[in-house]
Amino acid sequence: MKKVIILSLLLTSCYTVERNCLDFKTGVFEFSTTISDSIVTSKFKRTNEFEIEMYNGIEDSSSISWVNNCEFLITKINPRTNQEKRPIRIKILRTYGDQYDFEYSGVNNPDKISRGTVRRLSN
């Protein structure tokens, strides 16, 4: 029994998730998700201070506030609803190649966490 526990600890302690978050701080990216059984894609350009998203031919801008190298808050610059006025927390969980996995939630609703994957299109 002790050998199994020790082996389990050794195997799990050797596994580390790659998080090169600074590689994804700026650039042009693409995000796809499923809404009502359809896959929808948005593209966005991120600078150190702003994120400009293009979705269904509509451009939308948000300000970015970096909490640390792997976590930031996005707040719409011109919100149309009260919901859009609230910041979204985004945390990069893992990076690999030209992609990263992340989780996001509303700052006012931190218990409802969703996940997604973003792919870099260019620097």
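Residues in segment 72-85: is at least one polar (S, T, N, Q) and in a loop (DSSP other than H, G, I, E, B)?
yes
Specify the residue that is modelled with the lowest pLDDT; the eligible residues are those in segment 57-72 that are open to solvent by 80 Å² or more (accessible area, probe 1.4 Å) and touching a strand residue (DSSP E or B) at 6+ places or on another chain (Cβ under 8 Å).
Glu59
Filter segment 44-56 down to the residues that are part of a strand (DSSP E or B) and either modelled with pLDDT under 85 or open to solvent by less than 100 Å² (accessible area, probe 1.4 Å) (or both) and list them by number.
Within segment 44-56, Phe44, Arg46, Phe50, Glu51, Ile52, Glu53, Met54, Tyr55 qualify.
When only residues in segment 73-101 that are of a type in the set (Ser, Thr, Tyr) and free of Cβ contacts under 8 Å to residues at least 60 places away in the same chain count, which is most open to solvent (accessible area, probe 1.4 Å)?
Thr81
The values are calculated or read from the model by the stated rules, or taken from the named source; none is laboratory data. In this text, all values refer to a predicted model and were calculated from it rather than measured experimentally. Ideal geometry is used to build each Cβ from the backbone, glycine not excepted, and the neighbour counts take in all protein chains shown. Surface areas here come from the heavy atoms of the whole protein model, side chains and all, with no ligands, DNA or RNA. Shrake-Rupley method; radii C 1.70, N 1.55, O 1.52, S 1.80 Å.
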